[in-house]
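In what follows, a single structure is set out as structure tokens and then discussed.
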Amino acid sequence: MSAPDWVPASAAAPFEKLFALDDPAVAVTQREALADAVRRVAVVAEPNSPIRLDFSARGTVLLQAGYEDDVASQQIAATLTGAQDLAVAFHPASLLEALTSFDSPQIRLELLGPGQRVLVSGMADDTPREDHRHLLMSVRQLS
């Protein structure tokens, strides 16, 4: 992916480095199902509290938010390659903004791990689309 025309060539190099992820785990799931699950789980999240996504190589992602007695969770189908299990967390509004910016039925998440950046792209015929990508920063969760 190249930088837009309005970005000077000298500024494009650092920008493009952010999109280069070394050996990420890759998760693929239905975009609308994930967005709906985020909306439902976010209802119990306190302001500025993240939603945790636990990806499993068994073909699911478990979304969780809340603390102690007020915990919401939802599980949806997702494939994960490159790792057995991987957990990341996001602020709900940031994740929803990224998900709703795509029109593809499936999305691909390239994951490095907790507190690391995540590259989100749409999927077309089992191939990642390069015309639109969204870079998100995951947050560290308190244990």
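Key figures
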read-out	value
Residue in region 26-44 that is farthest from A93 (Cα to Cα), counting only those that are open to solvent by 50 Å² or more (accessible area, probe 1.4 Å) and in contact (Cβ under 8 Å) with a residue 60 or more places away in the chain	Q30
Selection within region 45-62 - within 15 Å of H91 (Cα to Cα) and either of a type in the set (K, R) or touching a Lys or Arg at 6+ places or on another chain (Cβ under 7 Å) (or both)	R52
Residue within region 41-48 that is in a helix (DSSP H, G or I) and within 23 Å of G122 (Cβ to Cβ) present	yes
Condition check for A77: among the hydrophobic types (A, V, I, L, M, F, W, C), assigned to a strand (DSSP E or B), in contact with a Pro (Cβ under 7 Å, 6 or more places away or on another chain) and on the phi < 0 side of the Ramachandran plot	no
Count - residues of region 94-133 that are open to solvent by 40 Å² or more (accessible area, probe 1.4 Å), within 20 Å of D36 (Cβ to Cβ) and without any contact (Cβ under 8 Å) to a residue 40 or more places away in the chain	3
Only one of L62, L99, L86, L34 that is in contact with a Leu (Cβ under 8 Å, 6 or more places away or on another chain) and within 16 Å of P24 (Cβ to Cβ)	L86
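The values are calculated or read from the model by the stated rules, or taken from the named source; none is laboratory data. Quick caveat: nothing in here was measured; it's all calculated off a predicted structure. Note that we place each Cβ from the backbone using ideal geometry, even for glycine, and neighbour counts take in every protein chain shown. Accessible surface areas use protein heavy atoms only, side chains included; no ligands, DNA or RNA. Shrake-Rupley method; radii C 1.70, N 1.55, O 1.52, S 1.80 Å.
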